[in-house]
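Colleague: Provided herewith is a single structure, encoded as structure tokens, for subsequent inquiry.
Derivation of every value follows stated rules applied to the coordinates shown; laboratory data play no part. None of these values were measured; they are calculated from a predicted model. Cβ sites come from the backbone with ideal geometry, for glycine too, and all protein chains shown count toward neighbours.
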Amino acid sequence: MARIIEEVSHTFSEYLLVPNLTKKDDIPSNVSLKTPLVKFKQGESPSITLNVPFLSAVMQSVSNDTLAVALARSGGLSFIYCSQPIEEQALMISKVKKYKAGFVVSDSNLKPDSLLVDVVNLKEKTGHSTIAITDDGTSSGKLIGIVTSRDYRVNKISLSTKVTDFMTPISSIIFGNEGITLTEANDLIWNHKENPNELLDKNKRLMVGAGINTKDYKERVPALIQAGADIFCIDSSDGFSEWQKEAIEYIKSNFGEHIKVGAGNVVGTDAFNYLADAGADFVKVGIGGGSICITREQKGIGRGQASAIIDVAEARDKYFKEKKVYIPICSDGGIVHDYHVTLALAMGADFVMMGRYFARFDESPTKKLKIGNNYVKEYWAEGSFRARNWQRYDLGGEGQKLSFEEGVDSYVPYAGKLKDNLGLTINKIKSTMCNCGCKTIEELHNNARLTLVSSTSIIEGGAHNVILKNREESNNT
Ligand code: MZP
């Protein structure tokens, strides 16, 4: 007879955090959300640390180069989707790596008497949205001002407007003089910039990850290393397989131990230990909990996300105690409310991966549509017929090519810019951590107290027994 695991499997909404003593210095500005992305030996530091604990999902409808830039600028990391040809994925990776170059000689220059139409044409030709305005229109001329896409709206001003009427003049530009070193230039930018959390490599370029599968990694990985990928993640709905072990071992022995590879997904201790021993740099946890996922309905496999995280976190801690190697774990899928992120971290996750959350933003690759009075964005699963990512669901060998769907095609409410939304989510997490008397994720792992809640106390948790006013009524009182 099958072995029955006695414990009921639970998910996030069934838990609440119980506050600990808040000390006077437990204030949001003292909270750090830095967290290790890859494994490290006891007493050493990880080679990659996230500034905020967020990854974007390895999905066509989520992680392209635009979203990757926006997320890295906010301190997290995207894994560019692998359900696309190798060359196209490599191009997306290299676009992120080139987004912030070191010193470059401007090849987009115009004269002060140029017009908006010249700006539009030049932008179309070079793809650069920042244009130097110099006295003679060359890169070596005297700098008069710059034009960026923030300086004009094509539909609002005439194409015959002179650049001097809308450019940012030299008097308002923070600049360094010729001869400045790259370090000095970076300090100058650092002191005046809006994104102090940016996740940068040692050459000050934004960091980016790449999804891979267990089929074509022998060709895909070297091409993506060449394009500049900082880390890989094997993308699979069920990672407890010999195919993953083989892929990790091949990559490490052929391309070097320094190449970082995350693996998964798993929901239990035995699977974590298997991938840890195979050499995984982090392990991703979650089967069937994603918002667009129907794996549990279709195949009857999976586990409540909270129980999976709690169990795997215990295995991670035991592994660390015994082998003195800390292998971070990622909670992947099923985050519905911001507080679910805090719960996942409290339960032992080092960071979370989200799809639905990021799909709602301007920077995600999908179409924005108006349905009724609401704006929405498209969001489809990797196991849907639309994505046709059969490599993620095929267990190995030469087999069927996605004979049934494990995910759906859907809409999510449009939510605006990534930076604004992530900022709000971060504020909520930091605030809750203060309630729990914790200033770091490690402290949250060690000190958080969680309680299971009854279904009636969940009702008590929302507004209840009142007639809610709408926003207009509130503004008028
Ligand atoms: P969510 O943040 O939208 O709840 O979940 C995103 C996660 O769902 C992804 O990171 C991935 O692990 C998982 N996913 C993607 N496609 C499918 C599917 O087709 C899926 N079933 O489960």
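Colleague: Binning at 10 Å from 0, report for segment 292-359 what percent of all alpha-carbon pair distances ends up in each bin.
Modeller: All Cα pairs considered, the percentages come to 20, 44, 29, 7.
Colleague: Once you have all Cα-Cα distances for segment 390-470, histogram them in 10 Å bins from zero and send the whole-percent values.
Modeller: Spelled out bin by bin, segment 390-470 gives 12, 17, 27, 27, 15, 2 percent.
Colleague: Mind ranking 152-163, 341-352 by how tightly packed they are, going by the mean number of other C-beta atoms within 10 angstrom, highest first?
Modeller: 341-352, 152-163
Colleague: Could you state the orientation-averaged shadow area of the convex hull built on the Cα atoms of segment 42-186, in nm² to one decimal?
Modeller: About 12.6 nm², averaged over all directions.
Colleague: Using label points projected 7 Å from each Cα along Cα→Cβ, tell me how many nm separate N195 and T269, to one decimal.
Modeller: Result: 4.2 nm between the two label points.
Colleague: Under the 0.36 nm per residue contour assumption, what length would be gained going from the current alpha-carbon distance of K142 and K123 to full extension?
Modeller: Length gained, K142 through K123: 4.7 nm.
Colleague: Rounded to whole Å and sorted largest first, what semi-axes of the equivalent ellipsoid does the C-alpha gyration tensor of segment 257-413 yield via the square root of 5 times each eigenvalue?
Modeller: 29, 20, 14
Colleague: Have a look at the DSSP beta bridges in the chain and tell me what percent are antiparallel, nearest 5.
Modeller: 50
Colleague: For the chain, what does the relative contact order come out to in percent, with C-alpha contacts under 8 Å and a separation of six or more?
Modeller: 21
Colleague: Something else: Using the count of nearby Cβ atoms within 10 Å as a rough guide to exposure, how do H464, H445, H337 rank from fewest to most?
Modeller: The fewest-first ordering by Cβ neighbours comes to H464, H337, H445.
Colleague: Further question on the same structure: Under a Cβ-only charge scheme (Lys and Arg +1, Asp and Glu -1), can you give me the dipole magnitude of the chain about the Cα centre, in debye to the nearest 20?
Modeller: It comes to approximately 620 debye.
Colleague: A follow-up question, please. Going by average Cβ density within 10 Å per residue, which order do the peptides 318-325, 70-77, 412-419 take, highest to lowest?
Modeller: Per-residue mean Cβ counts within 10 Å order the peptides as 70-77, 412-419, 318-325.
Colleague: Describe numerically, in nm with one decimal, the distance between label points set 7 Å from Cα along Cα→Cβ at K324 and at I467.
Modeller: 6.9
Colleague: Going toward the positive end of the dipole of segment 41-117, with +1 on Lys and Arg Cβ and -1 on Asp and Glu Cβ, which of P46, M92, G76 do you reach last?
Modeller: P46
Colleague: Listing D118, D216, D113 from the residue with the fewest other Cβ atoms within 10 Å to the one with the most, what is the order? Provide the component values of the computation, followed by the final result.
Modeller: Numbers: D118 18, D216 14, D113 11.
Going from sparsest to densest Cβ surroundings: D113, D216, D118.
Colleague: Tell me, what does the Kirkwood hydrodynamic radius of segment 320-427 come to in angstroms if you use every pair of distinct C-alpha atoms?
Modeller: 16.4
Colleague: Mind grabbing the base-10 log of I(q)/I(0) for the chain at q = 0.07, 0.08 Å⁻¹? Debye formula, identical points on the C-alpha positions, no solvent, two decimal places.
Modeller: Cα-only, vacuum Debye calculation for the chain: -0.42, -0.55.
Colleague: Taking 25 Å as R0, compute the FRET efficiency from the Cβ-Cβ separation of I157 and I371 and round it to 0.05.
Modeller: Result of the calculation: an efficiency of 0.20.
Colleague: Compare the Cα positions of T456, L402, Q391 along the charge dipole of segment 390-459 (+1 at Cβ of Lys, Arg; -1 at Cβ of Asp, Glu; about the Cα centre) and return the one farthest towards the positive end.
Modeller: T456
Colleague: Could I ask something else about it? If you average 1/r across every pair of different Cα atoms in segment 117-258 and take the reciprocal, what Kirkwood value do you get, in Å?
Modeller: Here the Kirkwood hydrodynamic radius works out to 19.6 Å.
Colleague: With each label point set 7 Å from Cα along the Cα-Cβ vector, what nm distance links I180 and E460?
Modeller: Inter-label distance under the simple model: 5.9 nm.
Colleague: Then there's this: Provide Rg over Rh for segment 1-110; use the alpha carbon set for both Rg and the Kirkwood Rh (inverse mean inverse pair distance).
Modeller: 1.12
Colleague: Follow-up. Provide the FRET efficiency to the nearest 0.05 for the A2-T451 pair, computing r from the beta carbons and using R0 = 51 Å.
Modeller: 0.95
Colleague: A follow-up question, please. Counting other C-beta atoms within 10 Å, which of T181, T164 has the fewest, and how do the rest follow? Could the numbers behind the result be given before it?
Modeller: Values: T181 10, T164 15.
Sorted ascending by nearby Cβ count, the order is T181, T164.
Colleague: Right, another one. Lys/Arg Cβ at +1, Asp/Glu Cβ at -1, dipole of the chain taken about the Cα centre: which of M354, V147, V266 is farthest positive-ward?
Modeller: Of the listed residues, the answer is V147.
Colleague: Could you tell me the largest-minus-smallest coordinate of the C-alpha atoms of segment 192-284 on each of the three principal axes, in descending order and whole angstroms?
Modeller: Result, largest extent first: 49, 28, 21 Å.
Colleague: Taking only DSSP H segments of four or more residues, each worth -39500 (n - 2.57), what value at 222 nm results for the chain once the sum is divided by all its residues, to the nearest 500 deg cm²/dmol?
Modeller: -9500 deg cm²/dmol
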